[in-house]
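Reviewing the structure listed below.
The values are calculated or read from the model by the stated rules, or taken from the named source; none is laboratory data. Model, not experiment: these values are computed from the prediction. So basically every Cβ, Gly included, is an ideal-geometry build from the backbone, and we count neighbours across all protein chains shown. Surface accessibility is based on the protein's heavy atoms, side chains included, excluding ligands, DNA and RNA. Shrake-Rupley method; radii C 1.70, N 1.55, O 1.52, S 1.80 Å.
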Amino acid sequence: MSRSLIPVTYADYRELARRRLLNRFFEYIDGGSYQEVTLHDNAADLDRLRIRQRVLRDVSERNLSTTVLGQPWTMPVGLAPVGLAGLFRRRGEVQALRAAEAAGVPFALSTVGLCSIEEIAQAATKPFWFQLYVMRDRGFVVELIERAKAARCGALVLTVDLAVPGSRYRDVRSGMMGGVGAAGKLALAWDALRHAGWVYDVALRGRPLVFGTIASKLPGARSLPEFVDFVGRNFDPSVTWKDVEWIRSLWGGPLIVKGVLDPDDARAAAESGAHAVVVSNHGGRQLDSVPSTISALPAIVDAVGGRVEVLFDGGVRSGLDVFKALAFGARAALLGRAWVFPLAALGEAGVTRVLGTVRRELEVALALAGVTSVSEIGREQLVDAGNG
């Protein structure tokens, strides 16, 4: 691929990110758990869906705007929470926030982002979302919720599919897990020397390199082994739906449960008082060989029957993927790797560009499918989705 690659597609941004990032960080973003079956299926199952083309309809005006949890979005697309984003570009979460605000879509800050809730709040001009993991120290959970309230976050995103961390073999091979020995350490040092741009931008100018929101619990962000150890010691595998109700009572605002793949769990989320669920398998990074998110989506939409709003992530790489998720009943789709690779490649400008591309792709999809509003998209807009 040419060194002067002009990025347009997901694959383009992925390649630019691969060139710019230290190998261990690229593999961390790009990889999944175990044999990466679910990681592959998330995108492949979206690719297999076919849009029903319709012609000779007046599509001269098209409306992409929608509302999620009562808030207006310029299009049914948001930026999902991604941990460690500040390791991929200098103060990466702030850069992504600015791009999202300019595009009129929401940004969700991860609990384990390098930028703290307070740093994001200082940069924000609109409410952003905060993603929460439940930890053994319930007092610290209460503190995080209170800080999210003080930052006037628009929604709390409770991630529920990380009771224990999945096994990500790429991270072992790349050296992110540590224990590489003397030869491995030399290889990691050489990798850093080969990526001077990253070193200057992030390692030197991007300080402090700490997990901002939970810095008091985990001061350093340079070592994934430290992070994995922190997860094992602090993330609570005993969490149940009773804890969701407790969090809802503390938070008081819009509550989103992220990591739902089963219709029964979607019903339980609705019964626990959640306002929305995200159909998600953690980007194929937790339990491998679970269903792709697009294959799980229709049954979950049917199960909740409109009691909660249904959002979607996993494998979304284009506006066409967003269209397909909407056709199966999602209110909106969240980008994960699809915004992180552009961030790593070009910073805020990359996220801005990819959001613009997704918008244009979605507009074209509406026009050539013969619909004029995202609210009109349904299963009848897909071929072989029960509609021939």
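Tabulated data
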{"read-out": "Pick from the range 4-18, criterion open to solvent by 70 Å² or more (accessible area, probe 1.4 Å) and modelled with pLDDT of 95 or more, ranking: farthest from Val371 (Cα to Cα)", "value": "Arg18"}
{"read-out": "Condition met for Gly347 (open to solvent by less than 10 Å² (accessible area, probe 1.4 Å) and out of contact with any Asp or Glu (no Cβ under 8 Å at 6 or more places or on another chain))", "value": "yes"}
{"read-out": "Residues of the range 247-269 satisfying the condition of being of a type in the set (A, V, I, L, M) and surrounded by fewer than 19 Cβ atoms within 10 Å (Cβ to Cβ)", "value": "Leu250, Ala268"}
{"read-out": "Cβ pairs under 8 Å, 6+ apart, first in the range 234-246 and within 29 Å of Ala215 (Cβ to Cβ), second at pLDDT below 95 and open to solvent by 70 Å² or more (accessible area, probe 1.4 Å)", "value": "Asn234/Arg136; Asn234/Lys217; Phe235/Arg136; Phe235/Val164; Asp236/Arg136; Pro237/Val164"}
{"read-out": "Of all residues making up the range 202-246, the number that are open to solvent by less than 30 Å² (accessible area, probe 1.4 Å), within 30 Å of Ala17 (Cα to Cα) and either in contact with a Gly (Cβ under 9 Å, 6 or more places away or on another chain) or at pLDDT 90 or above (or both)", "value": "9"}
{"read-out": "Selection within the range 270-280 - under 20 Å from the mean Cα position of the chain (by Cα) and either over 24 Å from Arg170 (Cα atoms) or open to solvent by 40 Å² or more (accessible area, probe 1.4 Å) (or both)", "value": "Ala274, His275, Ala276, Val277, Val278, Val279"}
{"read-out": "Meets criteria (of a type outside the set (A, V, I, L, M) and either touching a residue at least 60 places away in the same chain (Cβ under 8 Å) or farther than 21 Å from Gln53 by Cβ (or both)) for Gly305", "value": "yes"}
{"read-out": "Helices (runs of 4 or more DSSP H) contained entirely in the range 19-128, each with at least 1 residues that are over 24 Å from Tyr169 (Cα atoms), open to solvent by less than 10 Å² (accessible area, probe 1.4 Å) and touching a residue at least 24 places away in the same chain (Cβ under 8 Å)", "value": "37-48, 92-103, 117-123"}
{"read-out": "Subset of the range 129-168 (residues that are open to solvent by 10 Å² or more (accessible area, probe 1.4 Å), of a type outside the set (Val, Ile, Thr) and under 26 Å from Thr293 (Cβ atoms))", "value": "Trp129, Tyr133, Cys153, Gly154, Asp161, Leu162, Ala163, Pro165, Gly166, Ser167, Arg168"}
{"read-out": "Any hit, the range 87-106, residues being at pLDDT 95 or above, within 25 Å of Glu245 (Cβ to Cβ), out of contact with any helix residue (DSSP H, G or I) (no Cβ under 9 Å at 6 or more places or on another chain) and not acidic (Asp, Glu)", "value": "no"}
{"read-out": "Any hit, the range 281-294, residues being more than 21 Å from the chain's Cα centre (by Cα) and either open to solvent by 70 Å² or more (accessible area, probe 1.4 Å) or basic (Lys, Arg) (or both)", "value": "no"}
